[in-house]
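Worksheet: one structure, shown below.
Read-outs throughout are calculated quantities, based only on the coordinates presented, and are distinct from any laboratory measurement. All figures in this text were calculated on a predicted structure; none of them were measured in a lab. Neighbour counts run over all protein chains shown; Cβ positions are idealised from the backbone, glycine included.
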Amino acid sequence: MLHRFALVYGVLARTFHVRVVPLIIVWFYLALRVKVWFWMLMDRVFFPALGRTEVRRPIIIVGNPRTGTTFLHRWLVDNGFGVGLQLFRSLYPSIIMQKVLRPFLPILEKVSPARFHNSAAHETNLTSIETDDVTVFFRYFDGFFLYGFFLTWSDEDCVPLVDPDQRDTTARDFDWLEGVWRRSLVAQGGDRVVAKLFTTGPRVPAFLQRFPDAHILYMVRDPVEVIPSTYSLVTGVLDKAFGYWSLPEATRARFNERFYKALVMLFERFHRDWTSGKIDRERVMVVSYDRMMTDFEGLMAEMVPFFDMKPTPEQMEAIKQTAEKQRAYTSGHKYNLEKYGLSAERIRQDCAFVYDTWLSPGSR
């Protein structure tokens, strides 16, 4: 962790010219880690149900960012298919801490990292259902979030730090997630977890080995739409926090190239395991973004049985209403690939395997 702290501080100091504030934040972060550790121990005393609670048949949504994972995640949670992690539960996973801090969330919102998000691209706050990758990032200061926002700017090539083939943190991460999920089930009175984990894409076989009764949804969407949308989201945060567009063009170009290769790698690793037979296809359902937008009812008619569930009348009505909204939805986002040093031709060439396997006619 000290190495990662040093790398990030180097980026903040040399690239973003922020030197003092990070030194203060790191002490708050370390103090928070200690508090979380202590109060999670106390959870076992005050919430004995934790000892009897197991994570069974979790529903896990996997896929590159901007493939529709957030919409589906929140929809499933909002309509009673399971419980998800609100952002504050990821940051403060102790049940005791959650109960104490909940009245103060409006105040904490003012210093929350969520405030850097552009609401038009990704609306979020401390009470929003969010990706479960956040809790791993804040616990260990590690992973693809760290790489995407900070380590891509480092003078050092940091891919080996986050590539599961070169540095495997699977056991550590899954242990932590299981503990957080158990607390979420107890705190929210649920019996099933619905989680979104884009970093599980390169680790699906290992995840199924650890959680053999899991139901995984892999979201797939045209990379020419996914990649620039992801750039827009991430650079929007970076610009609001550090002035991304004011940085030298050469500095941005190096970031853009590294970030692009990381996004392609996320596609590649799941595809490699899918086509090699390492993934049990009985436990994984590939979900097309386009179909989710145009045939939501038909998709849910397949998805709900995949969960080993039968929809309630209320859920059936929600499916019907959502299907009508989805068909009428038109995205207002337009992206300029050239400003990120990319082209549609390059993306289609580098991600040809995505089109051939899942997006071409008759591929699924």
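Charged neighbours of Trp27, selected by a Cβ distance under 14 Å, balance to +2 (K, R count +1; D, E count -1).
Electrostatic tally near Ser229: other residues with Cβ closer than 12 Å to its Cβ, Lys and Arg +1, Asp and Glu -1, net +1.
Based on Cα contacts under 8 Å between residues 6+ apart, the stretch 2-359 shows a relative contact order of 24 percent. How much length, in nm to one decimal, is gained on full extension between Ser246 and Lys325, taken as 0.36 nm per residue of separation minus their Cα-Cα distance? That pair, Ser246 and Lys325, stretches by 24.6 nm at full extension. With θ taken as phi - 60° and the Karplus curve 6.51 cos²θ - 1.76 cosθ + 1.60 applied, the whole-hertz 3J(HN,Hα) list for the stretch 219-225 is 8, 10, 8, 3, x, 5, 8 Hz, x standing for glycine and proline. The count of lysine pairs in the chain whose Cα atoms are under 28 Å apart, excluding pairs fewer than 8 places apart on the same chain, comes to 23.
Backbone geometry of the stretch 351-358 corresponds, through the Karplus equation with coefficients 6.51, -1.76 and 1.60 at θ = phi - 60°, to 3J(HN,Hα) couplings of 10, 4, 5, 5, 5, 5, 8, 10 Hz, x marking Gly and Pro.
If R0 is 25 Å, the Cβ-Cβ spacing of Val26 and Ile107 corresponds to a FRET efficiency of close to 0.70. Taking each DSSP H run with n ≥ 4 as -39500 (n - 2.57) and averaging over every residue of the chain yields -16500 deg cm²/dmol at 222 nm. Exposure proxy ranking for Arg56, Arg291, based on other Cβ atoms within 10 angstrom of each Cβ and starting from the fewest, stands as Arg56, Arg291. One equal scatterer on each Cα of the stretch 190-321, no solvent, Debye formula: the resulting log10 I(q)/I(0) at q = 0.16, 0.19, 0.22 Å⁻¹ is -0.98, -1.17, -1.33. Secondary structure note: in the chain, about 5% of the DSSP beta bridges are antiparallel. A cut-off of 5 Å between modelled amide H atoms, ignoring neighbours fewer than 5 places along the same chain, links Leu217 with Ile60, Ile61, Val62, Met285. When a/c is below 1.5 the answer is rounded, else prolate if a/b is larger than b/c, else oblate, so apply that to the stretch 291-364 with a ≥ b ≥ c taken from the square roots of the Cα gyration tensor eigenvalues. The shape class here is oblate.
Counting Lys and Arg as +1 and Asp and Glu as -1 over every other residue whose Cβ lies under 11 Å from the Cβ of Phe47, the net charge comes to +4. Each of Thr69, His3, Leu126 was placed along the dipole of the stretch 1-153 (beta-carbon charges, centred on the mean Cα), and the one lying farthest toward the positive end is His3. Shape class of the stretch 1-56 from the alpha-carbon gyration tensor: prolate, with a/c at 1.5 or above and a/b greater than b/c.
Note on the chain: semi-axes of the ellipsoid equivalent to its C-alpha gyration tensor, largest first and rounded to whole Å, are 29, 28, 20.
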